[in-house]
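**Student:** Structure incoming, see below.
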Amino acid sequence: MGTKRARQLAGLLNLPVLPKSGPLLDASVTGPLDGYPIAVAWNQRQRQSTVTFLVRFKKGSLKVPPAELRERILSSPEILRAMDRTSISGSEKKALTVASDGILVYWDYAFRAPAPEAAASVLRILVTLIKDAATPVGSDCEVCGSAGAGELGMVGRALTSICAGCRERMATTGS
Ligand SMILES: [Zn+2]
């Protein structure tokens, strides 16, 4: 069921669905959105049904304190409208993470799973909020820094823009 919704969202965003090897350990819509690598999956966290949103930005490029970006997301009227909610639950607030290279947001639900269209709206608003606060990853390699050579892929469990040379080097060193 989560896979079907992920496929529909992938269609809306024109991005592929990665199978379980993706960054969210479930079938996830994965790709760049305006230069920001994203992943979205309908999955579970601590037995709670949820839609997980990962939005990556350039490591260390956050121009505002993490707490401020967190607050901007939690108090965004556009996000509440897209979720058709009046507030964000305490457990969702607690689970929202702002790291040095991206954010992780959960949209918990009980019975009716959020529609792909609504998830697309929430994702677009998250990317818009991040645009004001951090630099896109774009197509630079995040490992060696070479410009324009990166392609989005997995490095360990991390969604990373990486060039062919670095990918090869990592494959041969087995890391
Ligand atoms: Zn590289």
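**Student:** Tell me, what are the semi-axes, in whole angstrom and largest first, of the equivalent ellipsoid of the range 57-159 as set by the roots of 5 times the Cα gyration tensor eigenvalues?
**Tutor:** 27, 16, 13
**Student:** Which shape class, rounded, prolate or oblate, goes with the range 52-107 when its Cα gyration tensor gives a ≥ b ≥ c as root eigenvalues, a/c under 1.5 marks rounded, and past that a/b bigger than b/c marks prolate?
**Tutor:** In terms of gyration-tensor shape, prolate.
**Student:** Could you calculate the contour length gain from GLU117 to LYS4, that is, 0.36 nm times the residue separation minus the distance between their Cα atoms, to one decimal place in nm?
**Tutor:** Between GLU117 and LYS4, full extension yields 39.4 nm more.
**Student:** Okay, moving on. Of PRO136, VAL98, SER87, which is farthest on the positive side of the dipole of the range 80-139, counting Cα position, with +1 on Lys and Arg Cβ, -1 on Asp and Glu Cβ, and the Cα centre as origin?
**Tutor:** Farthest towards the positive end: SER87.
**Student:** Please give the charge dipole size of the chain, origin at the Cα centre, charges +1 on K and R Cβ atoms and -1 on D and E Cβ atoms. Round to the nearest 20 debye.
**Tutor:** 400 debye
**Student:** What length, rounded to one decimal in nm, is gained on full extension from SER100 through to LEU25, with 0.36 nm per residue of separation minus their alpha-carbon distance?
**Tutor:** Residue separation times 0.36 nm, minus the Cα-Cα distance, leaves 24.9 nm.
**Student:** How far is the Cα center of the range 89-146 from the Cα center of the range 1-68, in Å?
**Tutor:** If we compute the Cα centre of each part, the gap is 7 Å.
**Student:** While we're on this one: Can you list residues from other chains, or at least 5 along the same chain, whose modelled amide H is less than 5 Å from the amide H of ASP108?
**Tutor:** For ASP108, the qualifying residues are VAL51.
**Student:** When the convex hull of the Cα atoms of the chain is projected onto a plane and the area is averaged over all directions, what value comes out in nm²?
**Tutor:** Spelled out: convex hull of the Cα atoms, projected over all directions, averaged, 10.0 nm².
**Student:** While we're here: For the charge dipole of the chain, defined by +1 on Lys and Arg C-beta atoms and -1 on Asp and Glu C-beta atoms about the Cα centroid, which residue among ALA120, ALA110, ALA27 has the Cα displaced farthest towards the positive pole?
**Tutor:** Farthest towards the positive pole: ALA110.
**Student:** Using Cα positions and a limit of under 18 Å, work out the aspartates and glutamates in reach of LYS58, with same-chain residues fewer than 8 apart set aside.
**Tutor:** ASP34, GLU68, ASP101, ASP132, ASP140, GLU142, GLU151
**Student:** Which ordering of PHE111, PHE53 is given by a fewest-first count of other beta-carbon atoms within 10 Å?
**Tutor:** Taking fewest neighbouring Cβ atoms as first place, the list is PHE111, PHE53.
**Student:** Do any cysteines of the chain lack a neighbour Cys whose Cβ is under 4.7 Å away, and which are they?
**Tutor:** That list is CYS144, CYS166.
Bear in mind these aren't lab numbers, they're just calculated from the coordinates by the rules spelled out. Bear in mind that the values here come from a model prediction, so they are computed numbers and not experimental data. Virtual Cβ from ideal backbone geometry, glycine too; neighbours counted across all protein chains shown.
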